[in-house]
Ligand SMILES: *Cc1c(COP(=O)(O)O)cnc(C)c1O
């Protein structure tokens with residue numbers, strides 16, 4: 001203790017001249033520290049700066065059709081890059097384990113209020129937790145909160161369009177921790193129609209007696225029948241947990257059916273069609289769950305269970321910069337621009353689906369009513385991997401995906417295409433016609449290459465790069481696409 005006092009006071013003990021010297025040194029030191037701390041990334045880390053610039057360029061010149069991606073707004077990026085990032089605030093507003101949370105509390109309360117408003121929810125009937133780090137942790141928190149270890153859950157199988165966190169496992173391995181710590185049984189789509197087989201789900205649920213049924217998809221181009229899910233849940237005594245990660249922007253804008261009327265719990269990511277920060281949110285019911293024949297009211301007890309599963313169950317300090325960004329993105333959903341954007345997403349997806357079908361491609365379920373579609377490339381005699389590869393070569397980003405009836409998840413036969421990101425950049429139907437043309441020309445080229453290279457993906461890739469005629473066609477198409485996409489602005493910082 002003494003030495004600390006002494007050290008901080010030792011300039012008082014020095015002769016005058018050396019005090020002046022010393023304080024000049026100190027201020028130099030402070031200047032230096034400030035310089036280091038405030039260095040522009042471009043100067044402090046040119047190697048990384050260069051990589052970010054390259055990624056920005058890639059985003060600008062490409063056509064982003066990955067259904068889960070988007071370009072978030074400048075306001076959201078400002079929140080993410082703000083001082084809120086610095087603060088620890090474990091706990092909930094008003095009940096923190098750290099001091100200094102006066103403003104953080106107000107920000108989190110604002111995010112909660114706006115999240116409820118975005119979905120027109122009554123705060124007497126619904127509560128919300130805005131702390132999950134992303135969609136996967138949010139889902140794990142839901143299961144942790146509403147069931148016990150080895151509790152039974154049922155979700156749409158991953159190859160059928162479900163998400164990993166809906167309990168995915170294979171015969172040889174429990175892939176997702178949601179299948180390791182909980183007992184999961186998948187339900188499926190009807191391979192003939194590509195639509196969820198609700199009758200079979202009911203039969204399986206009667207036998208399996210799950211605690212939770214998950215209504216949520218990562219690759220499915222039709223609205224879910226939440227009413228049907230509710231009926232099945234009621235019959236077997238399960239919670240209905242809707243995971244609206246992909247469609248939450250569309251739900252907020254009212255352009256696709258909302259899960260809230262029928263669900264007990266709803267989770268979402270905030271970075272997909274919602275166009276906010278990379279984060280997660282959980283909504284849970286409050287108030288009366290049911291009334292017994294004697295008129296006794298049974299109340300929901302989800303609020304504490306879910307809040308405590310998030311913290312201290314699974315997480316530590318909330319990401320306050322992300323929570324602020326959630327607040328502002330939820331506010332954005334209430335603007336006419338956002339509603340127009342969401343409508344345009346669906347219009348663009350329909351146009352994309354129609355255009356590709358006009359050119360002879362097969363679209364699973366025959367079309368789309370949401371933001372995405374699944375193209376079955378089997379009749380085009382291509383694998384999903386080859387399709388994805390060639391499109392990536394020409395700067396169209398999408399992902400290979402299993403289609404109903406695929407034998408192996410390792411060699412999927414389709415590609416998933418989504419329109420949120422392109423819609424954010426301002427593309428409308430006429431522009432989508434151009435995109436259809438680019439995709440068609442890319443896939444035709446892929447067929448030519450495949451005819452020459454044979455079935456193996458390695459040979460296909462080799463031929464695409466090494467056969468001069470193919471490499472040239474790829475380069476030409478890529479240049480054309482770069483010129484086209486360059487016309488559409490990207491939100492955000494100019495460089496980063
Ligand atoms: C994307 C997605 C998630 C997971 O979100 P992450 O933020 O990637 O963890 C969960 N559920 C569904 C249905 C999704 O599509």
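Within region 230-249, if we keep just the residues that are part of a strand (DSSP E or B) and away from the ligand (no atom under 12 Å from the Cβ), the residue that is farthest from residue 326 (Cα to Cα) turns out to be 239.
For region 214-228, a tally of residues being surrounded by fewer than 24 Cβ atoms within 10 Å (Cβ to Cβ) and either outside any loop (DSSP other than H, G, I, E, B) or within 16 Å of the ligand (Cβ to nearest atom) (or both) returns 7. Scanning region 81-97 for residues that are touching a strand residue (DSSP E or B) at 6+ places or on another chain (Cβ under 8 Å) and surrounded by fewer than 16 Cβ atoms within 10 Å (Cβ to Cβ) gives a single hit, 97. Across region 145-158, the qualifying residues are those that are within 14 Å of the ligand (Cβ to nearest atom) and touching a residue at least 40 places away in the same chain (Cβ under 8 Å), and the one among them that is surrounded by the most Cβ atoms within 10 Å (Cβ to Cβ) is 155. Listed by position, the helices (runs of 4 or more DSSP H) inside region 409-480 whose residues that are closer than 20 Å to residue 66 by Cβ number at least 3 are 420-424, 429-453.
Closer than 28 Å to residue 177 by Cβ and either within 16 Å of the ligand (Cβ to nearest atom) or touching a helix residue (DSSP H, G or I) at 6+ places or on another chain (Cβ under 6 Å) (or both): does that describe residue 351? No, not satisfied. Checking the stated criteria, residue 380 turns out not to satisfy the condition of being under 20 Å from residue 421 (Cβ atoms) and either in a loop (DSSP other than H, G, I, E, B) or touching a helix residue (DSSP H, G or I) at 6+ places or on another chain (Cβ under 7 Å) (or both). Filtered by the rule that a residue be in contact with a helix residue (DSSP H, G or I) (Cβ under 8 Å, 6 or more places away or on another chain) and under 23 Å from residue 255 (Cα atoms), region 88-120 gives 111, 114, 115, 117, 118, 119. Taking the conditions (1) touching a helix residue (DSSP H, G or I) at 6+ places or on another chain (Cβ under 9 Å); (2) farther than 30 Å from residue 146 by Cβ in turn, residue 318 satisfies each one other than (2). Residues that are in a helix (DSSP H, G or I), within 16 Å of the ligand (Cβ to nearest atom) and buried (at least 16 other Cβ atoms within 10 Å of the Cβ) do not occur anywhere in region 41-64. Of the residues making up region 183-201, not a single one is in a helix (DSSP H, G or I), within 16 Å of the ligand (Cβ to nearest atom), buried (at least 18 other Cβ atoms within 10 Å of the Cβ) and touching a residue at least 24 places away in the same chain (Cβ under 8 Å). Considering region 159-169, the residues that are over 30 Å from residue 89 (Cα atoms) and in contact (Cβ under 8 Å) with a residue 40 or more places away in the chain include one that is nearest to the ligand (Cβ to nearest atom), namely 163. Given (1) closer than 21 Å to residue 259 by Cα; (2) out of contact with any helix residue (DSSP H, G or I) (no Cβ under 6 Å at 6 or more places or on another chain); (3) at pLDDT 95 or above, identify the lone condition not met by residue 337. The one condition residue 337 does not meet is (1). Taking the criterion of being assigned to a helix (DSSP H, G or I) and within 16 Å of the ligand (Cβ to nearest atom), the residues of region 116-144 that qualify are 135, 136, 137, 138, 139, 140, 141, 142, 143, 144. Considering region 258-280, and only residues there that are away from the ligand (no atom under 11 Å from the Cβ) and in a strand (DSSP E or B), the residue that is nearest to residue 325 (Cα to Cα) turns out to be 266.
The values are calculated or read from the model by the stated rules, or taken from the named source; none is laboratory data. Only a predicted model underlies this, so the values are computations on that prediction, with no experimental measurement involved. As a convention, Cβ positions derive from the backbone with ideal geometry for all residues, glycine included, and neighbour counts pool all protein chains shown.
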